[in-house]
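Have a look at the structure below, then the notes.
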Amino acid sequence: MARIIAGVTSSHVPAIGAAIDNHRTNEPYWQRVFEGFERSKEWIAKAKPDVVIGVYNDHASAFSVEVIPTFALGTAAEFPPADEGWGPRPVPVVQGHPELASHIAQSVILDEFDLTLCNKMEVDHGLTVPLNLMFGTPKEWPCPVIPLAVNVVQYPPPTGHRCFMLGKAIRKAVESYPEDLKVVIFGTGGMSHQISGQRAGLINSKFDHAFLDNLTKDPKKLTKLSHLELMREAGAEGVEMVMWLIMRGALDDKVDEVYRFYTVPASNTAVGHIILENKIKGGKKTSAKPASTKSASRGKKSAPKMKRAAARQKIERVRS
Amino acid sequence: MATAKTRVEKDYDDIPGTYVFDADRSRRGYHLNMFCMSLMKAENRKAFKADEAKYLDERFPLLTREQREAILKRQYNRMLELGGNIYFTAKLGATDGHPFQHLAAVMTGSTQQDYADLMLRGGRPVDGNRSRSGKYARAASSIVKDSKPKQKASKGKKRRG
């Protein structure tokens with residue numbers, strides 16, 4: 001059967017995409033951000049997911065104000081990058097997994113989550129920037145990706161609780177799929193940021209760290225956050241962190257936090273990133289070990305010697 | 001927040017400097033946002049730049065007078081107030097060739113350099129920016145508990161900020 005082995009969250013700041021596309025990743029400002037994902041790339045190269053489910057939001061690219069689906073699952077065979085006003089990002093076309101996507105659709109709709117299904121959809125930086133952060137800039141993305149677009153543009157987005165429960169339904173769907181597939185689920189967006197109005201520029205690192213802590217240990221607490229509190233504390237656009245709870249709902253109650261990274265700012269946003277692994281039943285080791293957990297090891301060839309347990313504790317927090 | 005005539009007061013109106021893009025604003029701002037959406041196409045950007053007023057009048061006749069004026073004058077907060085959404089209005093900024101931080105500077109009444117510096121210093125602090133009414137001036141968040149006084153600042157316990 002298919003199973004979800006891990007969850008990844010990451011901000012999806014458009015300027016990160018622009019830095020990649022314009023070859024500016026070596027500038028000190030951007031280095032600080034990209035270095036934080038070096039170990040994540042090593043991790044996912046080892047984890048080798050067969051499929052990624054990418055939870056993200058569209059930013060007035062595929063959906064305008066004409067149609068506003070709360071949850072839109074991509075069931076197409078492929079999803080071209082959208083023209084966001086400067087021409088499409090020069091990234092590979094996202095290949096879908098129509099069979100698993102349709103299976104998920106059928107399962108979660110019967111579980112009372114009324115999804116919108118998209119057999120034609122373009123995807124914007126919300127999905128492709130996290131793919132870059134995790135996979136770099138390959139000619140083709142290394143595995144199929146099933147996009148799940150969540151409305152966080154027009155208030156109200158779905159509640160955190162609803163998102164968490166959808167994650168659980170997605171997990172159930174994946175686990176009832178007969179083919180042996182390793183699935184990693186991405187929750188993207190966040191962390192604290194506000195890009196509109198006189199309060200633009202808001203960052204709340206304390207809140208972000210608490211959110212990350214609870215994401216690992218006590219996600220149910222996060223499902224109780226009201227939109228009002230999220231917007232007040234993490235910014236009007238920071239409300240998109242509800243999407244992380246879909247990822248979290250799809251994982252075990254108890255998970256191993258194998259990596260964390262946080263930095264301020266990327267453009268107008270606090271960047272938060274976390275990798276959570278499901279504990280494998282029967283104490284069996286997962287294949288998804290981090291290559292290295294040395295916080296100092298920035299090089300690509302870092303020594304793969306630290307144990308997973310140590311990795312859990314070795315939480316890197318980068319503050320600037 | 002200068003709400004429009006028919007808008008019902010919402011709990012999030014208490015957040016200062018913030019125009020939550022809800023269904024009311026979306027309805028009122030429909031044509032404004034659809035105008036912004038039209039700028040996703042290169043030929044439309046060209047036509048708009050060639051004669052902005054003509055473009056608006058011919059293609060988006062249902063824009064209100066206020067919305068039309070806010071667009072032409074690049075009043076970004078006013079656009080939000082009149083139902084624009086930032087992800088849409090950002091397309092107008094991009095059409096003008098501005099990086100996003102230019103728009104942020106305009107909206108916050110700052111210069112682009114000062115705004116960029118603010119971000120590099122860690123952004124705008126939340127303390128003092130939670131509430132217009134002062135209701136949340138002390139209480140922080142239900143999940144932030146490591147700061148000195150007990151969260152749930154029950155009886156007006158002192159919190160920094």
Meets criteria (farther than 28 Å from A:ILE5 by Cβ and either in contact with a His (Cβ under 9 Å, 6 or more places away or on another chain) or buried (at least 24 other Cβ atoms within 10 Å of the Cβ) (or both)) for A:GLY201: yes
Tally time: how many residues in the stretch B:71-105 are more than 24 Å from B:ALA42 (Cβ to Cβ) and touching a helix residue (DSSP H, G or I) at 6+ places or on another chain (Cβ under 7 Å)? 7
Positions within the stretch B:104-142 being more than 8 Å from chain A (Cβ to nearest Cβ) and in a helix (DSSP H, G or I), in sequence order: B:ALA105, B:VAL106, B:GLN112, B:GLN113, B:ASP114, B:ALA116, B:ASP117
Among (1) open to solvent by less than 10 Å² (accessible area, probe 1.4 Å); (2) charged (D, E, K, R); (3) within 30 Å of A:GLY96 (Cα to Cα), there is one condition A:ASP208 misses while meeting the rest; what is its number? (3)
When the stretch A:226-235 is examined, which residues are found to be within 20 Å of the chain's Cα centre (by Cα) and at the interface with chain B (Cβ under 8 Å from one of its Cβ atoms)? A:HIS227, A:MET231
Residue count for the stretch A:236-273, restricted to those that are more than 11 Å from chain B (Cβ to nearest Cβ), touching a Leu at 6+ places or on another chain (Cβ under 6 Å) and β-branched (Val, Ile, Thr): 2
Looking at B:ALA47, B:ALA53, B:ALA70, B:ALA42, which is the one that is hydrophobic (A, V, I, L, M, F, W, C) and open to solvent by 50 Å² or more (accessible area, probe 1.4 Å)? B:ALA42
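Mind counting the residues in the stretch A:57-75 that are surrounded by fewer than 20 Cβ atoms within 10 Å (Cβ to Cβ) and either more than 8 Å from chain B (Cβ to nearest Cβ) or touching a residue at least 60 places away in the same chain (Cβ under 8 Å) (or both)? So that I can check it myself, show each step before the final result.
Residues of the stretch A:57-75 that are surrounded by fewer than 20 Cβ atoms within 10 Å (Cβ to Cβ), as a first pass: A:66-70.
So of that shortlist, the ones also either more than 8 Å from chain B (Cβ to nearest Cβ) or touching a residue at least 60 places away in the same chain (Cβ under 8 Å) (or both) come out as A:67-70.
Matching residues across the stretch A:57-75 total 4.
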Test B:MET34 against the stated conditions and say whether it is hydrophobic (A, V, I, L, M, F, W, C), open to solvent by 30 Å² or more (accessible area, probe 1.4 Å) and either more than 8 Å from chain A (Cβ to nearest Cβ) or over 29 Å from A:TRP30 (Cα atoms) (or both). yes
Just the residues that are in a helix (DSSP H, G or I) and out of contact with any strand residue (DSSP E or B) (no Cβ under 9 Å at 6 or more places or on another chain), please, taken from the stretch A:1-34. A:PRO14, A:GLY17, A:ALA18, A:ILE20, A:ASP21, A:PRO28, A:GLN31, A:PHE34
Every residue in the stretch A:220-254 that is open to solvent by 10 Å² or more (accessible area, probe 1.4 Å) and of a type outside the set (A, V, I, L, M), please. A:LYS220, A:LYS221, A:THR223, A:LYS224, A:SER226, A:HIS227, A:GLU229, A:ARG232, A:GLU237, A:ASP252, A:ASP253, A:LYS254
Can you report the number of residues in the stretch A:152-178 which are of a type outside the set (A, V, I, L, M), open to solvent by 20 Å² or more (accessible area, probe 1.4 Å) and in a loop (DSSP other than H, G, I, E, B)? 7
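The values are calculated or read from the model by the stated rules, or taken from the named source; none is laboratory data. Only a predicted model underlies this, so the values are computations on that prediction, with no experimental measurement involved. Note that we place each Cβ from the backbone using ideal geometry, even for glycine, and neighbour counts take in every protein chain shown. The accessibility values were calculated without ligands, DNA or RNA, using every heavy atom of the protein model including side chains. Shrake-Rupley method; radii C 1.70, N 1.55, O 1.52, S 1.80 Å.
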